[in-house]
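Each remark here refers to the structure printed beneath this line.
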Amino acid sequence: MSHLAVIQTPTEAYKLVKEINGKYFEIEGVKTLSDALSQHMGAFRKLYEAPSNKEVKGKLVAPVASDSEIWGAGVTYQRSRDARKEESGIPDVYQLVYEADRPELFFKATARRTVGHEGEVGIREDAKTSVPEPEVAIVINKFSELIGMSICNDMTSRNIEGENPLYLSQAKIYYGSNALGPMIRPIWEIVDHDKLDIYAKIERGGSIVWQAETSLKSLNRSFDDLIEYLFKCQHFPVGAILSTGTGIVPPLDISLVAGDLVTITVDQIGTLINKVVVTPEDINERIK
Ligand code: DO4
Ligand code: MG
């Protein structure tokens, strides 16, 4: 078993390596995830699978390159549709998009806005209720080929989106709102990649306050369909990462608080764990 991992070394912020049993190895001719996603899958796979004994040391970070884009798909599971209808003052838009040919696709994050495994995810200080969205992320190259799969926590300020769907970007994109990782499993190593099980839990003070599971079998869209729409009238010179939507949503009385631990496990892909902190309204003043 192997993964595409991104590590931080003293000289490279986002170095792409091949992970085997916790050790990282150089991929000859490929420095970053963007290098990998700028070539056809066949060509990249050859480089990835070529034996390498050049071990590299570094700190595991989110599996992105400095110029990566992370997008989200929404209302792709029945549970997500029902939860949005329940929380929203304008429920019809969710029913309509669930049934429409065109999926909901939105811009979610850049590399700078993404934390990796064991990084801190934020809840907006000005939100009343915040939830994790445990999702499978697919990694797509420039030629719209599916290269691998990872795990995304599409953190969401629930009451802000619920107040008005036009507030979606504020509910979804803020400091600490995206976690991705721990690594990317190459698609050619995954068995039945469209049937994987997904588990999530929130722990508070050592106790589980919410847990749920679903399966990609309940995804209402195919990956091919999502990729086709994402690439319509768009150019992704360094590929893209698409989080495919959540099939598990906590009930309305569960909201994240600082100190919570969110764990998301996807079969064959891995386990992403993140601690929750508050993103202060004046974060811009605090980060100099
Ligand atoms: O419609 C709003 C966003 C939905 C979403 O992020 C999801 O279903 O996962
Ligand atoms: Mg989502």
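Here are some notes:
- Among the residues of the stretch 156-181, those identified as without any contact (Cβ under 8 Å) to a residue 60 or more places away in the chain and within 16 Å of ligand 2 (Cβ to nearest atom) are THR156, SER157, ILE160, TYR167, GLN170, ALA171.
- Counted residues, the stretch 244-278 - those being polar (S, T, N, Q), surrounded by fewer than 21 Cβ atoms within 10 Å (Cβ to Cβ) and not in a loop (DSSP other than H, G, I, E, B): 3
- Taken as a whole, the condition of being buried (at least 19 other Cβ atoms within 10 Å of the Cβ), assigned to a strand (DSSP E or B) and touching a residue at least 24 places away in the same chain (Cβ under 8 Å) applies to ILE241.
- ILE208 surrounded by 23 or more Cβ atoms within 10 Å (Cβ to Cβ) and not polar (S, T, N, Q): no
- Number of residues in the stretch 71-107 that are closer than 16 Å to LYS232 by Cα and within 13 Å of ligand 2 (Cβ to nearest atom) equals 8.
- Among the residues of the stretch 51-97, the ones that are more than 22 Å from ASN274 (Cα to Cα), among the polar types (S, T, N, Q) and touching a Phe, Trp or Tyr at 6+ places or on another chain (Cβ under 9 Å) come to 5 in all.
- In the stretch 154-181, the residues that are within 13 Å of ligand 1 (Cβ to nearest atom), under 13 Å from VAL131 (Cβ atoms) and surrounded by fewer than 24 Cβ atoms within 10 Å (Cβ to Cβ): ILE160, GLU161, GLY162, ALA171, LYS172
- Filtered residues of the stretch 237-280 (kept if more than 21 Å from ARG124 (Cα to Cα), small (Gly, Ala, Ser) and in contact with a Phe, Trp or Tyr (Cβ under 7 Å, 6 or more places away or on another chain)): ALA240, GLY247
- The set of residues in the stretch 187-203 being within 27 Å of LEU261 (Cα to Cα), out of contact with any helix residue (DSSP H, G or I) (no Cβ under 7 Å at 6 or more places or on another chain) and either hydroxyl-bearing (Ser, Thr, Tyr) or surrounded by fewer than 15 Cβ atoms within 10 Å (Cβ to Cβ) (or both) consists of ASP197, TYR199.
- Strands (runs of 3 or more DSSP E) contained entirely in the stretch 12-67, each with at least 2 residues that are β-branched (Val, Ile, Thr), touching a residue at least 12 places away in the same chain (Cβ under 8 Å) and closer than 20 Å to ILE151 by Cβ: 15-20
- Residue in the stretch 126-148 that is farthest from ARG81 (Cα to Cα), counting only those that are within 14 Å of ligand 2 (Cβ to nearest atom) and small (Gly, Ala, Ser): ALA137
- Lone qualifier among ILE184, ILE151, ILE123 - being more than 16 Å from ligand 2 (Cβ to nearest atom), in contact (Cβ under 8 Å) with a residue 12 or more places away in the chain and either surrounded by fewer than 22 Cβ atoms within 10 Å (Cβ to Cβ) or of a type in the set (Val, Ile, Thr) (or both): ILE184
A short reminder: the numbers here are calculations on the coordinates, not readings from a lab. The structure presented is a predicted model; accordingly, all values stated were derived computationally and were not measured. Note: ideal-geometry Cβ built from the backbone for every residue, glycine included; neighbour counts use all protein chains shown.
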